[in-house]
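Every number in this text was worked out from the coordinates using simple rules, so none of it is lab data. Remember, predicted model here, so these are calculated numbers, not experimental data. We place every Cβ from the backbone using ideal geometry, glycine too, and count neighbours over all the protein chains shown.
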């Protein structure tokens, strides 16, 4: 924790401004969603929030279902915190930071039931579609949670099934069939610093915050996933406010899809 | 068998369309994008920075470290499993050797210059695209350089000698194929990368290297133009 930075940010927030001049619940600009940028993927999207830049690609495979859900397909989310995107990221297998990011994105999609897993079934007990969703960071300028969730959702919207003859997939041929996407879960990370709340922390603010809560909600405001992070506890009052901010901001972000 | 015409209609001495841009990763000390046809590479440079663990340090000069990586969704076939493969490790090594001769790291003892190459989308020629992007990123990082490095593949498909093989040409089934990725320091014509798969005779090889040199000079102009665009904007 950077103590001086923290007290400086708190002082700025008491005048309702931030290091880069934003209001407390204002996202960086521009927010940009680009669809279908990777031709080799079945679905892809690139999301920029300010200088934060993330690519998500989806490859689709047919595999055996899990024994306890024989008529359901599945999603597998991976996150690569590429050393190209941040001087502190290192080569090697995903560390805990990457695993947490992948799991938070996974839960937003899975628990909102944005995708009906039953519709991904090809042949019960034998063949189901598996969506391999990979997050790759190009530039980490803070708030990878929200950028990655938004990019994953956009890539799902973009995805088209490859040609499948019942035995083999022909990746060279894409069909016009889209994924059964039924809801749009959006993650908003609300950070607490001192007694203030902010959204979309940049890289300096991320170093100075006390705690964070990632709130995933769908179109009607129903919550579908939460993740608290940071070293400090939250009170019930904190959570009430943070969830409210999360739901409101999700409505704003959804417009960029 | 004669290979009469390229599938995409290019001339035999013509590359696929190229796009180059410098400075797209603000957190890096230097960065660049290089796209050739459907092959797309990003490179970021970090350093010179402190090298850990310490036993890797060279007290005489800084070292160069390159890492080539395909994103999991970058292949037109199945998902590429993250983490290095034998192939990506070898490409990282030859990339390092292709770039090292243009650098002067003697002023940076005990340090490292890290080059990370990432490919969101590939279709043949990815190591050359990575090298082109990396050399622009090194220049963008402000490192002292003797030259840029420009890279392309040359080769033989059926009975034709040509440049910048695409996937259909690499896997041409009706005749012999040779795929020769090369990298050149355009101002001295020195070759810093040379590999080959396939079969050609000596005369053909020399002809191909001449063709490669010519194309690398064209690529060099595009790389320079991209660098000038960024720094011109900065001046204005």
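The modelled label-to-label distance for the pair residue A:16/residue B:5, using points 7 Å beyond Cα in the direction of Cβ, is 6.7 nm. Rounded to the nearest 10 degrees, the angle from helix A:236-254 to the longest Cα principal axis of chain A is 60 degrees.
Among B:136, B:33, B:145, sorting on how many other beta-carbon atoms sit within 10 Å of each Cβ, with the fewest leading, yields B:145, B:33, B:136.
Computed from Cα atoms, the angle from the helix A:96-111 axis to the main principal axis of chain A rounds to 60 degrees. Within the protein assembly as shown, the ratio Rg/Rh, alpha carbon atoms throughout and Rh by Kirkwood, equals 1.00. The C-alpha atoms of chain A define a longest principal axis, and helix A:144-158 lies at about 30 degrees to it.
Neighbouring Cβ atoms within 10 Å as the yardstick, rank B:216, B:66 fewest first.
Final ranking by Cβ density, sparse to dense: B:66, B:216.
For the peptides A:51-60, B:162-171, the ranking by packing is A:51-60, B:162-171, with the highest mean count of neighbouring Cβ atoms within 10 Å listed first. Averaged across B:41-48, how many Cβ atoms of other chains sit within 10 Å of each residue's Cβ atom? Across the residues of B:41-48, the mean count of other-chain Cβ atoms within 10 Å is 3. Site pair residue A:118 and residue B:228 shows an inter-label distance of 6.4 nm when each label is modelled 7 Å from Cα along Cα→Cβ. Here the gap between residue A:237 and residue A:126, fully extended at 0.36 nm per residue and compared with their Cα-Cα distance, gives a gain of 35.1 nm.
Once the C-beta distance of residue A:222 and residue B:14 is scaled by a Förster radius of 51 Å, the resulting FRET efficiency is 0.35 to the nearest 0.05. Largest GNM mean-square fluctuation among B:146, B:214, B:54, using chain B with Cα springs under 10 Å: B:54. Averaged over peptide A:127-138, the number of partner chain Cβ atoms lying within 10 Å of each residue's Cβ comes to 3. Per residue, the convex hull spanned by the alpha carbons of the range A:3-254 comes to 133 Å³.
Tell me, what is the FRET efficiency for residue A:173 and residue B:86 to the nearest 0.05, using R0 = 30 angstrom and their Cβ-Cβ distance as r?
E(calc), rounded to 0.05, equals 0.50.
Other protein chain C-beta atoms within 10 Å of residue C-beta, averaged over B:74-82: 6. Taking other Cβ atoms within 10 Å as a rough exposure proxy, A:42, B:21, B:199 sort from fewest to most as B:199, B:21, A:42.
For the range A:1-67 versus the range A:91-124, the inter-centroid distance based on Cα atoms is 18 Å. By the helix-only formula, in which each DSSP H run with n ≥ 4 contributes -39500 (n - 2.57) and the sum is divided by residues, the protein assembly as shown has a 222 nm mean residue ellipticity of -9000 deg cm²/dmol.
Applying 1/(1 + (r/R0)^6) with R0 = 45 Å to the Cβ-Cβ distance of residue B:56 and residue A:244, what FRET efficiency is obtained, to the nearest 0.05?
Approximately 0.35, to the nearest 0.05.
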